[in-house]
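Participant: Structure below; questions to follow.
The values are calculated or read from the model by the stated rules, or taken from the named source; none is laboratory data. Note that the structure is a prediction, hence the values are computed from the model and not measured. Here Cβ is always computed from backbone atoms with ideal geometry, including for glycine, and neighbour counts include all displayed protein chains. Just so you know, the surface numbers come from the protein's heavy atoms only, side chains and all, with ligands and any DNA or RNA stripped out. Shrake-Rupley method; radii C 1.70, N 1.55, O 1.52, S 1.80 Å.
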Amino acid sequence: MSESNMVGQPAPAAPGKRSNVRTWAVGGITLAVILCCGGAVIGTFKGDEAKPTAGASSSPATSPTSASPTTVAPTTAAPTSAAPTSAIPSPTEAAPPPKPKPKPPSYKTLTERQWKLIAKDPDGYLGKTYVVYGRVTQFDAATGTDSFRADVAHRRMAEDYDYETNTILNGSASDLDNLVEDDIFRANVTVLGSFSYDTQIGGETTVALLQVDSIKVL
């Protein structure tokens, strides 16, 4: 071996080592290319996700609609004011039977003693009804048109002076219109009690007071 080969030029590599270096070099270049291409592809994918293609809708197709829920207003129908109908009909009420007419009073005839008892205590026979007879002794402007004074007995007497009991009788003016002094009469009467009045001589007397229900001149 010469000195120039030893100093000036590098020693040639061994054949095995030179092929290995070449292989590593080619492999490194290939790896670099693959890495560069992979980064470009990944960058493209990321760009596609970030920027949608032209003409596509800006809102995603799968986004839910944002319509606000509708609110239903409550109904405010006023309650009906109709009166509830009765489920059970009321029975028809029968008209009450007409009240019977009051019976006319029964006028009793009297004995002499019975009439004397009434004349003695007319207040004790208040409301009782009887048949009496009499003679009109006073029926003028002093007594009026609806009352008169008479002498009364229990029956029709044979003589005018037989009517002995002084009595005051009241009635309607229309019923007494045809009656005058000294008439003899028959009357249905109701006892009203006792009655006191002033006499013409300045005294006072109390007599039986009778209401005339009907009267007939005899």
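Participant: Condition first: under 20 Å from S196 (Cβ atoms) and touching a Phe, Trp or Tyr at 6+ places or on another chain (Cβ under 7 Å). Now tell me which residues in the stretch 99-130 satisfy that.
Facilitator: Answer for the stretch 99-130, where residues must be under 20 Å from S196 (Cβ atoms) and touching a Phe, Trp or Tyr at 6+ places or on another chain (Cβ under 7 Å): just I118.
Participant: Take the stretch 141-188 and flag every residue that is within 60 Å of the chain's Cα centre (by Cα) and within 15 Å of V217 (Cβ to Cβ). Quick ask: steps written out before the conclusion?
Facilitator: Pass one, the stretch 141-188, residues within 60 Å of the chain's Cα centre (by Cα): 144-147, 168-177, 187-188.
Answer for the stretch 141-188, where residues must be within 60 Å of the chain's Cα centre (by Cα) and within 15 Å of V217 (Cβ to Cβ): L169, G171, S174, D175, L176, D177, A187, N188.
Participant: Same structure, new question: So which residues in the stretch 192-218 are open to solvent by less than 50 Å² (accessible area, probe 1.4 Å), without any contact (Cβ under 8 Å) to a residue 24 or more places away in the chain and not small (G, A, S), if there are any at all?
Facilitator: Scanning the stretch 192-218 gives a single hit, T199.
Participant: Taking the stretch 97-126 as the region of interest, how many residues are under 60 Å from the mean Cα position of the chain (by Cα) and part of a loop (DSSP other than H, G, I, E, B)?
Facilitator: Final tally of qualifying residues: 13.
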